[in-house]
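Quick notes on the structure that follows.
Quick note: the coordinates plus some simple rules give every number you see, no bench work behind them. Keep in mind the model is a prediction, meaning the values are calculated, not measured. A quick note on method: Cβ atoms are made from the backbone with ideal geometry, for glycine too, and the neighbour counts reach across all protein chains shown.
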Amino acid sequence: LIKLKTKNYNILIADNLINNFDELIKKSYHKDKIFIITDQNVFNLYEKKITKSLPSFKLYFHVLKPGETSKSFLNYQETINSLINKGIKKDHLIIGFGGGVVGDLAGFIAGTLYRGINFIQIPTSLLAVVDSSIGSKTGIDLELGKNLVGVYKDPKVVLIDPLFLNTLSTKEYNNGLAEVIKMALIRDKTLFNNIKDKNKLTIDDIVRTINIKRKIVRKDPFEKNLRMLLNFGHTFGHAIELESNFNVKHGVAISYGMLISIEEGIKRGITKHDIYDEVKDLLIKHNLVKEPLLSKDKYLKYLKHDKKNLSSGLNFVFIKEIGKSLIKSGVIFND
Ligand code: ADP
Ligand code: ZN
């Protein structure tokens, strides 16, 4: 069992951790009802297993439609109504059991319903395991953009069983891999080298990735400075998602975004030019980008909607070389 500590909660990681869910949850929660928010895919695959793993509790499932549309304001309201109808009380527990969509919505509900109730994350997609379940951000989407409404909500614990990832499609796996590659590029050359020739991450790679994010968030939980590094590739990534009406997957969008950032860094003499092909080849290998690549010009008009675009100008993340990154403020893009 690997135990990573953050200021307010632990992240527990182990193959077959599901066998310990009951005792682990009992340690921090002493009522017998649990409200599990999940989506239809995860429910179909794991309802029996998760039910069997939690014999001490009475479980109430709320099953969402898979996909980003479940993070709408309307669905937030519907889900809360359904939980209240099922009898949820202030001292009960919500578990977000699924990918990033489930975790973000469940966390936002746990952060806002009755001004906050107990919350546990059990991420089941790679993206949720290495990224969205770590760092306490929750949120829902507006028509104007993703994650525009949210709160910071600490879970009591994050329970990670990498065996859930075995049922993930290659496409979804690679979507999460884009965030792993991002984390390696900004902070960890060894991780980058470790994952370069692999299709599937080891548990060590996963722990290493979570640790990068955990350490950044610990130093800057509310994204005043250092945490912005995690936006590497995301400025243009968000623009690409927006322009496509969210038909381009997040991992794909940030992959193009990372290449645009590297290209812009090279132009400005910030980024070592020889890394471009290395990163591009890795992203191509995992079907995250394909040639011809997207050029930034089409996306400039979407940048001003980026909520991270502060009034003092655009904060933009560059990498110097693999594993080393920096934030520049007042960055201007010309076409
Ligand atoms: P994210 O990429 O942010 O994690 P989602 O929550 O939408 O986004 O998850 C991506 C997709 O993967 C969804 O269709 C979800 O149902 C599916 N999914 C999540 N976990 C698993 C799993 N362990 N096995 C199979 N499919 C999964
Ligand atoms: Zn991201």
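Selection over region 180-223 of residues that are in a helix (DSSP H, G or I) and in contact with a Phe, Trp or Tyr (Cβ under 8 Å, 6 or more places away or on another chain) gives a count of 5.
Scanning region 127-178 for residues that are within 14 Å of ligand 1 (Cβ to nearest atom) and among the aromatic types (Phe, Trp, Tyr), we see that the one that is surrounded by the fewest Cβ atoms within 10 Å (Cβ to Cβ) is Tyr173. One residue stands out among those in region 229-254 that are in contact with an Asp or Glu (Cβ under 8 Å, 6 or more places away or on another chain) and away from ligand 1 (no atom under 16 Å from the Cβ): the one that is nearest to Phe318 (Cα to Cα), which is Thr235. Considering (1) away from ligand 1 (no atom under 16 Å from the Cβ); (2) under 12 Å from the mean Cα position of the chain (by Cα), say which one Ile117 fails and leave the rest. So Ile117 meets the others, but not (2).
So which of Ile95, Ile37, Ile25, Ile84 is crowded, with 18+ Cβ neighbours inside 10 Å and either of a type in the set (Lys, Arg) or part of a helix (DSSP H, G or I) (or both)? Answer to the check: Ile25. Just one of (1) under 30 Å from Leu54 (Cβ atoms); (2) over 16 Å from the mean Cα position of the chain (by Cα); (3) surrounded by 18 or more Cβ atoms within 10 Å (Cβ to Cβ) fails for Leu191. It is (1).
Return the pair list, or none, for Cβ contacts closer than 6 Å from residues in region 286-299 that are touching a residue at least 60 places away in the same chain (Cβ under 8 Å) to residues that are surrounded by 13 or more Cβ atoms within 10 Å (Cβ to Cβ) and assigned to a loop (DSSP other than H, G, I, E, B), at least 6 apart or on different chains. Close Cβ pairs satisfying both conditions: none exist.
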